[in-house]
Amino acid sequence: MGVAGAAIIGCVESSANEQITSGSLLPSQTTQEFPVIVSTWNHGIAANRSAIEKLNQGGTILDAVEAGVRVTESDANNQSVGLGGLPDRDGNVTLDACIMNHLSQCGAVSFLQNIENPISVARKVMEDTPHVMLSGKGALEFAIDKGFTESNLLTEESSLAWEKWKLQSKYNPQINSENHDTIGMLGIDKNGELAGACTTSGMAYKLHGRVGDSPIIGAGLFVDGEVGAACATGVGEAVIRIAGSAIVVELMRGGATPEEACKEAVNRIIRKHDDLTNLQVGFLALDKFGRSGGYSVYGGFNYAHATASGNEMIDAKYMKEW
Ligand code: SD4
């Protein structure tokens, strides 16, 4: 019997002799409360709350992850996602986002400017076009065509931070851990359907035109309805090099728990980089059984875990001390 077949409204019970499509054994006697929503960093608490609310109102799991990350995108106090995001080295806030469901339907926008909720544009790309990703000017024109309104996303606080950065940086973008708090959210509903969303203003003070891992399906986010979902945060270049989120999902397909899969992806990043200075990456994963886990290169990565009965922060394990 498949997992969805074992669902007892809001709860899945499994025993060791049940199998998922790929052939991996279910964890012995797992009892997991559904739905489960997990999302990266402290802002995940407010985002999770909104996602759970959306489910309670009858929304789908895709509606829930979209609604969840929109909260972070619209929060001007958050300097790494949407409104208030730190700009590129020329002072432009440029946004990357993607969304994916259990049927492998997905949409993305990259290098998008002046639209507060890129995740909703990504969803429109998924639902209203034959494409997966729109970028830059074309993405903006598409968004306007779909009724989104343009606004200035560079807040005074982020503008001041940029001015200060320019004084010390000599206009030289660096691969570092400066303020990278992308939100990636993964969810599974009571029917066992999965979805994920990932959205960011990307690495602060990047070169104009730079796109990170966050809008790239398989890098910043990946969902496979037969297995689970994963997302990434941190230095996007490192995540792209190992197809990070896809790798985490494939490791879970092979039988790894979410935490084990994230740990192996982190190890792969460590093996592939001679210089790990400031190279922070965190992975978060949620499997078809509702189990979640995370792992990061350095300490400090955390994620919010919510069910209908609670919403709490969990510190991920990590490989290295700063
Ligand atoms: C990027 N991965 O643009 C994003 C940044 C990030 O947490 O995740 N910050 O490289």
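The values are calculated or read from the model by the stated rules, or taken from the named source; none is laboratory data. Since this is a predicted model, take the numbers as computed values, not measurements. Backbone-built Cβ (ideal geometry, glycine too); neighbour counts: all protein chains shown. Surface areas here come from the heavy atoms of the whole protein model, side chains and all, with no ligands, DNA or RNA. Shrake-Rupley method; radii C 1.70, N 1.55, O 1.52, S 1.80 Å.
In summary, Ala306 fulfils each of the numbered conditions (1) open to solvent by 10 Å² or more (accessible area, probe 1.4 Å); (2) in contact with a strand residue (DSSP E or B) (Cβ under 6 Å, 6 or more places away or on another chain); (3) more than 16 Å from the ligand (Cβ to nearest atom) with the single exception of condition (1).
Could you tell me whether the stretch 290-301 includes any residue that is part of a strand (DSSP E or B), away from the ligand (no atom under 16 Å from the Cβ) and either aromatic (Phe, Trp, Tyr) or in contact with a helix residue (DSSP H, G or I) (Cβ under 9 Å, 6 or more places away or on another chain) (or both)? Checking the stretch 290-301: at least one residue is part of a strand (DSSP E or B), away from the ligand (no atom under 16 Å from the Cβ) and either aromatic (Phe, Trp, Tyr) or in contact with a helix residue (DSSP H, G or I) (Cβ under 9 Å, 6 or more places away or on another chain) (or both). All of (1) open to solvent by 10 Å² or more (accessible area, probe 1.4 Å); (2) assigned to a loop (DSSP other than H, G, I, E, B) hold for Glu259 with one exception: (2).
The set of residues from the stretch 213-229 being open to solvent by less than 20 Å² (accessible area, probe 1.4 Å) and either more than 18 Å from Tyr298 (Cβ to Cβ) or away from the ligand (no atom under 12 Å from the Cβ) (or both) comprises Ser214, Pro215, Gly218, Ala219, Gly220, Leu221, Val223, Gly225, Val227, Gly228, Ala229. Restricting the stretch 109-145 to residues that are assigned to a strand (DSSP E or B) and in contact (Cβ under 8 Å) with a residue 40 or more places away in the chain leaves a set whose member that is most open to solvent (accessible area, probe 1.4 Å) is Met133. Checked against (1) in a strand (DSSP E or B); (2) away from the ligand (no atom under 13 Å from the Cβ); (3) not hydroxyl-bearing (Ser, Thr, Tyr), Ala232 meets all criteria but (2). For the stretch 191-212, the set of residues classified as within 14 Å of the ligand (Cβ to nearest atom) and not small (Gly, Ala, Ser) consists of Cys198, Thr199, Thr200, Met203, Tyr205, Lys206, Leu207, His208, Arg210, Val211, listed by residue number. Can you tell me which residue in the stretch 35-76 is modelled with the lowest pLDDT, limited to those that are open to solvent by 40 Å² or more (accessible area, probe 1.4 Å) and within 16 Å of the ligand (Cβ to nearest atom)? Among them, the one singled out is Asp75.
Within the set Lys190, Lys164, the sole residue that is free of Cβ contacts under 8 Å to residues at least 12 places away in the same chain and open to solvent by 80 Å² or more (accessible area, probe 1.4 Å) turns out to be Lys164.
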